[in-house]
Amino acid sequence: MGFAHWACKGARMAIINDTTLRDGEQAPYVAFNTEEKIRIATLLDACGADELEIGIAAMGERERDDIKELLALGLGARMMTWNRMKMEDLDASLSCGVRAVDLSVPISDLLIGVKFRGDKNAMFREMENVLTAAKREGLFVCIGGEDSSRGDIGFIREVMELGRACGADRFRYCDTVGIMTPTQTYGTIKTLCGYDLLPIEMHTHNDFGLANANALSGIDAGAVSMNTTVIGLGERAGNASFEQVLMALRHLYGEARSIDPVKIKELVSTVASAANMPLLPNAPVVGERLFSHESGIHADGMMKDSHAYEPYEAEEVGCVREFPIGKHSGSATIRYHLERMGIIPDTTILSALLPKIREIVTARKRVLESYELRSLYQEAVCL
């Protein structure tokens, strides 16, 4: 079951540029080996990522070897590397054979002070040299505006104007420390799109839990692309989540995206395992308890209509709907489980069992298993 988004954007589909293999791996205590990178890239491609940011060539020979192996996979997704706006970084990426790069420059006065000693003219000279060299090589070039959300919008316009003059293809608006609200994001991106200089890509962080919302607000305002990571993996609180954004684009924005439930579960479990990052049981899209209905009213409604309390089918993401026997379960749930065991329950006994079930579950902090319910019912019948 899908829902049409209130802000129809026509036939254009947003570009998902996934950076699990770059920004995701920058999460503390995370280090992917070559085999894990290959598996993650292959699954991301199968799950519908349009572009993959696959590493930082300037990190060293081992990283460059991994980038070359990933490029050799011949996946359908465009692959790109992340680079500082420096010739040595660009040269390192070119040595790997990449055809697309993100070239990052600081936007806020704070980071320009840290990286260019506050000299914006020096930064512009470096930009012009590196961008010109990249386009001379025929590369797709995205300018990564680091810390855009703490920068001046007039300065961002200057950066975009120079980028356009040098032939850049896209500007990445980075909410590097995750301080934007969806309303602020919409207004800012609407203004930048109005300059009609470069297509905008959203790069959002989750420090206040707004990465997904800000990424999608950017799309609403006219941005064409957004960065994601699987399970929202990334520095500090992480990034916009690939699987959550994917489902939002399909169901809330009406995009024609096919989702393979087996592949999406495999992708999520692969990244979670490789990152040693356990999934929350109620994590959106992929949590193991996401389709568990304990509340009596909800469970009864779901048994009558599978759309009553779910926005999409469990099977779409490889999950199974469950009705745990817990403190808040009603007679419909008890009847459901007994009938599945071949028992036609007596209504009077059902009513008498509910207080007992609540007492047991509350005392031990764990739901009843079906066999335990059967024993309780049989004991009640014998009384």
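Key figures for this structure:
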| read-out | value |
| --- | --- |
| Gained length - Glu379 relative to Asp346, 0.36 nm times residue gap less alpha-carbon distance | 10.6 nm |
| The chain - share of DSSP beta bridges that are antiparallel (%, nearest 5) | 5 percent |
| Highest-first arrangement of 242-248, 214-220, 374-380, where packing means the average Cβ count within 10 Å | 214-220, 242-248, 374-380 |
| Acute angle (nearest 10 degrees) that the helix 153-165 long axis makes with the longest principal axis of the chain, alpha-carbon atoms | 60 degrees |
| Contour minus Cα-Cα distance for Leu110 and Arg366 (0.36 nm per residue) | 87.1 nm |
| Degrees separating the helix 120-136 axis from the principal Cα axis of the chain, which is the longest one | 80 degrees |
| In degrees, nearest ten, helix 34-47 long axis to first principal axis of the chain (Cα) | 70 degrees |
| Members of Lys37/Lys365; Lys304/Lys365; Lys86/Lys265 lying beyond 31 Å, as alpha-carbon distances in this model show | Lys37/Lys365; Lys86/Lys265 |
| Tail weight of P(r) past 17 Å, computed on alpha-carbon pairs of the range 152-244, percent | 45 percent |
| Calculated [θ] (222 nm, deg cm²/dmol) that DSSP helices of n ≥ 4 give over the chain, each run adding -39,500 (n - 2.57) | -14000 deg cm²/dmol |
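No value in this document is a laboratory result; all are computed from the given coordinates. If you're wondering where the values come from, they're calculated on a predicted model, not measured in any experiment. So basically every Cβ, Gly included, is an ideal-geometry build from the backbone, and we count neighbours across all protein chains shown.
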